[in-house]
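Peer 1: Structure below; questions to follow.
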Amino acid sequence: MMGKRIGDRIIKFASLFFASVILVLVAGIVYELIKGSDRSLATFGWGFLITSTWDPVNKVFGALPFIFGTIVSSIIALIIALPLSIGIAIFLSELAPKKVRIYVSLMIEMLAAVPSIIYGLWGLFVMTPFLQTRIEPFLGKHLGFIPLFQGPPLGVGMLAGGLILSIMIIPTIASITRDIFNTIPTLYKEAGFAIGMTRWEVISKIVFPQARSGMIGAVMLGFGRALGETMAITMVIGNAPVISASLFSPAYTLSSVIANEFTEATSKLYISSLIELALLLFIISMLFNAIAKLLIKRGRFTQ
Amino acid sequence: MAKKLIIEHLNAWFGNVQALKDINLDIEENGVTAVIGPSGCGKTTFVRCLNRIHEVVDNAKVNGSVLLDGENIYSNTMDPVLVRRRIGMVFQKPNPFPSMSIFENVAAGIRLNGSKKKNEIADRVEKSIKMSALWDEVKDKLYKSATALSGGQQQRLCIARTIAIEPEVILMDEPASALDPISTARIEELIQQIKERYTIVIVTHNMQQAARVSDYTGFFLLGELIEFNKTSDIFTNPKDKKTEDYITGRFG
Amino acid sequence: MNSFSYLKRRILNRFMLFLSYGSAAFGVVILFLILSYIIIKGASSINLDFFIKLPKPTGETGGGIANAIVGSFIVVGIASLIAIPVGVMSGIYLAEFGKNKFASLIRYFADVMNGIPSIVTGIVAYVFVVVPMHGFSALAGGIALSIMMIPIITRTSEELIKMVPDTIREAGLALGIPQWKVILFIVLRTASTGIVTGIMLAVARVGGETAPLLFTAFNNSFMSFRLDQPISTMTVLIYNYASSPYPDWNAIAWGSAFVLIIIVLVVNILSKMFTNTKYSL
């Protein structure tokens with residue numbers, strides 16, 4: 001356009017340039033992850049995903065134990081976190097008086113702000129001893145007939161991993177769910193009270209159905225977070241590439257094996273296999289994030 | 001009297017919707033010209049075309065010409081930024097810069113237009129605030145946030161901000177519509193005080209206001225200029241039936 | 001019969017609401033449990049030496065984490081130096097010129113970037129920086145963290161710049177101020193409180209990251225100010241010392257965690273107060 005000043009053009013192109021950095025970075029990240037994995041991809045092909053051996057000495061690498069550990073620990077986290085998060089969201093959006101709400105909200109946000117390494121430290125020194133001496137023996141004694149609760153109580157292991165992840169994803173799921181509950185017009189809830197519903201009936205019969213897709217999105221986002229989480233889980237899951245039915249058994253996740261072994265990986269194939277694990281983790285997280293964003297967007301109540 | 005602005009065949013659109021249809025009108029220098037008409041008649045769009053602010057909205061288009069002292073502001077060689085320095089604007093809702101103090105609000109236009117001298121800026125700020133009849137109310141809190149002022153004070157601050165860059169024309173888009181009657185009266189008084197020095201175009205939906213403050217009045221309806229004349233003539237002896245219906249309150 | 005079902009409904013209602021209160025209590029209790037352990041166990045290892053001395057070799061008691069504190073600030077500083085301009089400028093682009101397909105793509109990519117697991121970011125920075133430079137370095141750590149910061153700052157800046165009403169832009173333009181000055185000196189200034197808060201939160205968040213630093217900044221037992229050398233950071237130090245079998249080292253891990261959590265919480269609470277009191281358009 002005529003009369004556009006040089007300064008206007010500079011700011012437009014400078015900001016465009018910096019924005020393009022994002023594009024280049026993401027493209028570079030995807031490219032490097034694929035390129036870094038090529039040796040492993042060529043050697044193991046799809047078999048990488050279903051091989052359960054991880055043997056750096058003989059250079060046989062398979063991702064199955066890590067995929068198992070990642071997904072199972074995240075599922076455990078979700079099973080624990082979901083009801084608690086919904087409970088917190090109900091409390092914050094429907095039950096709490098304003099003053100209490102502000103402080104509890106703040107504390108839930110603080111829970112989200114605590115660095116992963118601190119969860120790991122606390123998990124390792126406080127939670128796992130407690131699991132080892134109290135919870136796991138108790139579960140083993142009373143529910144030991146179920147394979148989930150068999151085996152020696154080690155403290156560290158799948159259960160510890162799932163628990164620490166659950167604490168870490170509660171703030172994510174709770175705050176998004178609360179936001180979605182808050183978008184539902186009071187009018188709808190009042191209609192429920194007006195016909196004599198109890199508060200729980202209003203929540204379960206009016207609020208939940210309206211918020212469903214958003215809640216599923218929140219869960220997916222929490223799940224995505226759990227999948228990619230590294231430090232805390234590395235410190236408590238036991239770090240052994242084992243596929244076991246027992247929750248007491250140590251396990252290993254994609255992120256943990258990368259964290260532990262990347263600097264020690266000696267052969268090119270070893271490094272490449274670790275990078276392929278990173279690629280896998282990247283793809284899985286992207287998938288869950290993308291679906292979650294879509295659902296959360298759709299899930300906000302719009303008149 | 002000289003003609004400050006000559007508007008010829010002015011058309012304006014939002015996307016495919018034509019908001020102004022072939023407007024032709026002359027604005028007298030140092031006069032107050034009022035633009036009246038019912039909501040959606042294009043009066044706001046009309047003044048927004050006079051300082052090329054209409055075109056900053058997405059999908060907005062203009063054609064035709066607006067001659068400022070004989071020079072077309074829409075010609076390819078005209079810089080809209082320079083046009084806007086000569087033709088200032090006061091908006092419907094007071095819009096002081098919220099992160100700036102009262103002083104900075106008035107100084108912003110001067111500073112960001114390149115003037116650096118501290119004394120000069122301070123003088124011009126003071127002069128402008130005085131001209132806007134706001135000085136006594138704010139002189140002790142010049143460095144307080146502008147958002148702490150009342151709506152009427154904020155609007156006078158916006159007028160001071162406009163005056164500070166020394167424009168030749170001031171466009172006012174319903175400057176008092178968001179204000180209480182007392183603030184409105186002060187704005188109208190202010191217009192009377194400054195009209196000697198500026199050419200003023202004021203949009204209003206309030207016919208009494210147009211009658212009180214303006215020398216000329218244009219009546220817009222559905223994007224067309226129905227009638228333009230001396231204010232006294234428009235209100236006592238409208239030529240067009242539609243104008244008469246409007247000013248007698250039969251619609252609008 | 002009727003009153004029985006009414007009673008059942010009331011009991012169910014009570015029970016479910018009780019669970020909801022219980023969940024909220026659980027969240028609060030967990031936070032206090034974690035914080036109190038960190039404070040109790042951490043505070044006991046804190047003294048002046050802790051802040052000004054270097055770590056002692058295995059077997060010797062005492063020592064501090066001065067190098068890790070300095071290192072964390074250097075690495076986060078590098079990350080901020082890269083991520084703030086890129087993030088804020090990208091935010092300006094998306095908010096002011098972002099009504100096109102290309103901008104939607106950038107937005108999508110920023111979200112993708114935001115979702116990258118932090119350990120993957122570490123690998124990426126390793127490949128981008130450590131491999132070509134033939135060694136771990138503070139710079140690599142900073143770049144890894146900047147990859148995490150850029151999308152956060154970008155989207156926050158975009159949101160906050162978009163919240164500045166168009167009437168403010170028009171007021172600037174109507175004063176004959178060129179668009180670029182309106183953006184930089186009026187719009188950005190109006191949004192600045194919020195943007196600064198967003199940047200603070202982003203800094204606090206990446207400051208607590210460990211995974212991206214494991215194979216970029218690596219660690220260093222000595223004080224280092226060099227960008228091309230490995231550097232110690234508080235988070236990696238916590239990880240290494242927590243995993244060690246020596247109680248002395250574990251104690252240092254708790255102490256560092258104490259310092260870290262105080263910084264993170266203070267920044268979070270400050271930014272909260274900042275937004276609540278000052279941020280008003």
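Peer 1: What does the accessible area per residue of segment A:1-138 come to in Å², with a 1.4 Å probe and no ligands, DNA or RNA counted?
Peer 2: Here the residues of segment A:1-138 average 47 Å² of exposed surface.
Peer 1: Now for a separate question. Rank B:Gly114, B:Gly88, B:Gly151 by mean-square fluctuation in a GNM of chain B with C-alpha springs under 10 angstrom and give only the top-ranked residue.
Peer 2: Per the Cα network of chain B with a 10 Å cutoff, B:Gly114 tops the list.
Peer 1: Next question, about the same structure. To the nearest 100 Å², how much accessible surface do chains B and C hide from each other in total, with a 1.4 Å probe?
Peer 2: In total, this chain pair buries about 1900 Å².
Peer 1: In whole angstrom, how long is each semi-axis of the equivalent ellipsoid of segment C:71-275, when you take the square root of 5 times every eigenvalue of its Cα gyration tensor and sort them from largest down?
Peer 2: For segment C:71-275, the ellipsoid semi-axes come out as 37, 19, 13 Å.
Peer 1: Follow-up question, since we're still on this one. Hey, got the dipole for the protein assembly as shown? About the Cα centre, +1 on K and R Cβ, -1 on D and E Cβ, debye to the nearest 20?
Peer 2: 1080 debye
Peer 1: Spelling out what I want: for every residue of segment A:58-67, take phi, set θ = phi - 60°, compute 6.51 cos²θ - 1.76 cosθ + 1.60 (Karplus), and round to whole Hz; glycine and proline get x.
Peer 2: Once rounded to whole Hz, the list reads 8, 6, 10, 10, x, 8, 4, x, 6, 4.
Peer 1: Loop-only check: which trypsin sites (Lys or Arg not before Pro) in segment B:83-166 are DSSP coil with at most 14 other Cβ within 10 angstrom?
Peer 2: Within segment B:83-166, the qualifying trypsin sites (Lys or Arg not before Pro) (loop, at most 14 other Cβ atoms within 10 Å) are B:Lys116, B:Lys117, B:Lys139, B:Lys141, B:Lys144.
Peer 1: Report the residue, chosen from B:Asn72, B:Asn59, B:Asn229, that carries the largest GNM mean-square fluctuation when chain B is represented by alpha-carbon nodes joined by springs under 10 Å.
Peer 2: B:Asn59
Peer 1: Which residues of segment A:282-296 show a drop of at least 30 Å² in accessible area when all protein chains are present, compared with their chain alone (probe radius 1.4 Å, heavy atoms only, ligands and nucleic acids excluded)?
Peer 2: Going by heavy-atom accessible area, the residues of segment A:282-296 that drop by at least 30 Å² are A:Phe282, A:Met286, A:Lys293.
Peer 1: Now for a different question. Out of the chymotrypsin sites (Phe, Trp or Tyr not before Pro) in segment B:77-139, which ones are loop residues according to DSSP with at most 10 other C-beta atoms within 10 Å?
Peer 2: In loop regions of segment B:77-139 (DSSP not H, G, I, E or B), there are no sparsely surrounded chymotrypsin sites (Phe, Trp or Tyr not before Pro).
Peer 1: Pick out, from C:Val124, C:Met149, C:Ala242, the residue whose Cα sits farthest towards the positive end of the charge dipole of chain C, with +1 on the Cβ of Lys and Arg and -1 on the Cβ of Asp and Glu.
Peer 2: About the Cα centre, the residue reaching furthest to the positive side is C:Met149.
Peer 1: Express the C-alpha Rg of segment B:115-170 as a ratio against the empirical globular expectation 2.2 N^0.38 Å, rounded to two decimals.
Peer 2: My calculation over the Cα atoms of segment B:115-170 gives 1.10.
Peer 1: Hey, another quick one. Between chains C and A, what is the buried accessible area summed over both chains (1.4 Å probe, protein heavy atoms, nearest 100 Å²)?
Peer 2: Answer for the C-A pair: about 6800 Å² buried.
Peer 1: Here is a follow-up. Count the lysine pairs in chain C that are 8 or more places apart or on different chains: how many have C-alpha atoms under 21 angstrom apart?
Peer 2: Qualifying lysine pairs in chain C: 8.
Peer 1: Any chance you could check segment C:229-245 for residues losing 50 Å² or more of accessible area when the partner protein chains are in, compared with the chain on its own (1.4 Å probe)?
Peer 2: Hits at the 50 Å² cut-off: C:Tyr239, C:Ala242.
Peer 1: Amide H to amide H under 5 Å from C:Lys56: which residues, 5+ apart in sequence or cross-chain, H placed 1.01 Å off N in plane?
Peer 2: Close amide H contacts, sequence-distant or interchain: C:Gly64.
Peer 1: I've got another one for you. Going by a ≥ b ≥ c, the root eigenvalues of the Cα gyration tensor, does segment A:1-130 fall in the rounded group (a/c under 1.5), the prolate group (a/b larger than b/c) or the oblate group?
Peer 2: Oblate, since a/c reaches 1.5 and b/c is not below a/b.
Peer 1: Using a probe radius of 1.4 Å on heavy atoms only, what accessible surface per residue do you get for chain B? Whole Å² is fine.
Peer 2: Per-residue accessible area for chain B comes out at 42 Å².
Peer 1: In degrees between 0 and 90, to the nearest 10, how far off the longest principal axis of chain B does helix B:102-112 point, with axes built from Cα atoms?
Peer 2: 70 degrees
Peer 1: So if I place +1 on the C-beta of Lys and Arg and -1 on the C-beta of Asp and Glu, and nothing else carries charge, what would the dipole magnitude of chain B be about its Cα centre? I want it in debye, nearest 20.
Peer 2: With only Lys, Arg, Asp and Glu charged at Cβ, the dipole is about 680 debye.
Peer 1: Put +1 on the Cβ of every Lys and Arg and -1 on every Asp and Glu Cβ in the protein assembly as shown; which of C:Ile52, C:Gly63, C:Val29 then has its Cα farthest towards the positive end of the dipole?
Peer 2: Sorting the options by dipole projection puts first C:Val29.
Peer 1: Any idea what the relative contact order of chain C is, in percent, if you count C-alpha pairs under 8 Å spaced at least 6 apart?
Peer 2: In percent, rounded to a whole number, it is 26.
Peer 1: Using a 1.4 angstrom probe on heavy atoms only, work out the carbon and sulfur share of the accessible area of chain A in %.
Peer 2: The nonpolar share, carbon plus sulfur, comes to 68 percent.
Peer 1: How far is helix B:181-194 tilted, in degrees, relative to the longest principal axis of the Cα atoms in chain B, given as a value from 0 to 90 rounded to the nearest 10?
Peer 2: Its long axis makes an angle of about 90 degrees.
Peer 1: Here is a further query. So, counting K/R as plus one and D/E as minus one, what does the shell of residues with Cβ under 13 Å around B:Ala107 add up to?
Peer 2: Around B:Ala107, the charge tally is +3.
Peer 1: What per residue convex hull volume, in Å³, do the alpha-carbon atoms of chain A yield?
Peer 2: In chain A, the Cα hull volume divided by residue count equals 212 Å³.
Peer 1: Taking amide hydrogens as modeled 1.01 Å from N in the peptide plane, which residues meet the under 5 Å criterion relative to B:Glu227, leaving out close sequence neighbours?
Peer 2: Under 5 Å from the amide H of B:Glu227: B:Phe219.
Peer 1: Which of these, C:Leu237, C:Leu19, C:Leu35, has the largest mean-square fluctuation under a Gaussian network model of chain C (Cα springs below 10 Å)?
Peer 2: Maximum among the listed residues: C:Leu19.
Peer 1: Accessible area per residue for segment C:71-275 in Å², computed with a 1.4 Å probe and the full protein assembly in place, what is it?
Peer 2: Result: 34 Å² of accessible area for each residue.
Peer 1: Output ³J(HN,Hα) for segment C:106-116: one whole-Hz value per residue in order, computed from phi by the Karplus curve 6.51 cos²θ - 1.76 cosθ + 1.60 with θ = phi - 60°, and x for Gly and Pro.
Peer 2: Working through the residues one at a time gives 4, 4, 4, 5, 5, 5, 4, 4, 5, x, 5 Hz.
Peer 1: Mind listing the Cα extents of the protein assembly as shown along all three principal axes, in Å, largest one first?
Peer 2: In descending order, the Cα extents are 102, 80, 55 Å.
Peer 1: Return the carbon/sulfur percentage of the accessible area of chain C, one whole number, probe 1.4 Å, all protein chains in place.
Peer 2: 69 percent
Peer 1: May I ask you to evaluate 6.51 cos²θ - 1.76 cosθ + 1.60, the Karplus curve with θ = phi - 60°, for each residue of segment A:236-243 and list the ³J(HN,Hα) values in order in whole Hz, giving x for glycine and proline?
Peer 2: Result, ordered by residue: 10, 8, x, 6, 9, x, 10, 10 Hz.
Peer 1: How big, on average over all directions, is the shadow cast by the Cα convex hull of chain B, in nm²?
Peer 2: 13.6 nm²
Peer 1: I'd like to know which of B:Cys49, A:Ser244, B:Ala19 lies farthest towards the positive end of the charge dipole of the protein assembly as shown, counting +1 on Cβ of Lys and Arg and -1 on Cβ of Asp and Glu.
Peer 2: Checked the options; the winner is A:Ser244.
The values are calculated or read from the model by the stated rules, or taken from the named source; none is laboratory data. Remember, it's a predicted structure, so these values are computed and weren't measured experimentally. Glycine gets a Cβ as well: all are built from the backbone with ideal geometry, and neighbour counts include every protein chain shown. Accessible surface areas use protein heavy atoms only, side chains included; no ligands, DNA or RNA. Shrake-Rupley method; radii C 1.70, N 1.55, O 1.52, S 1.80 Å.
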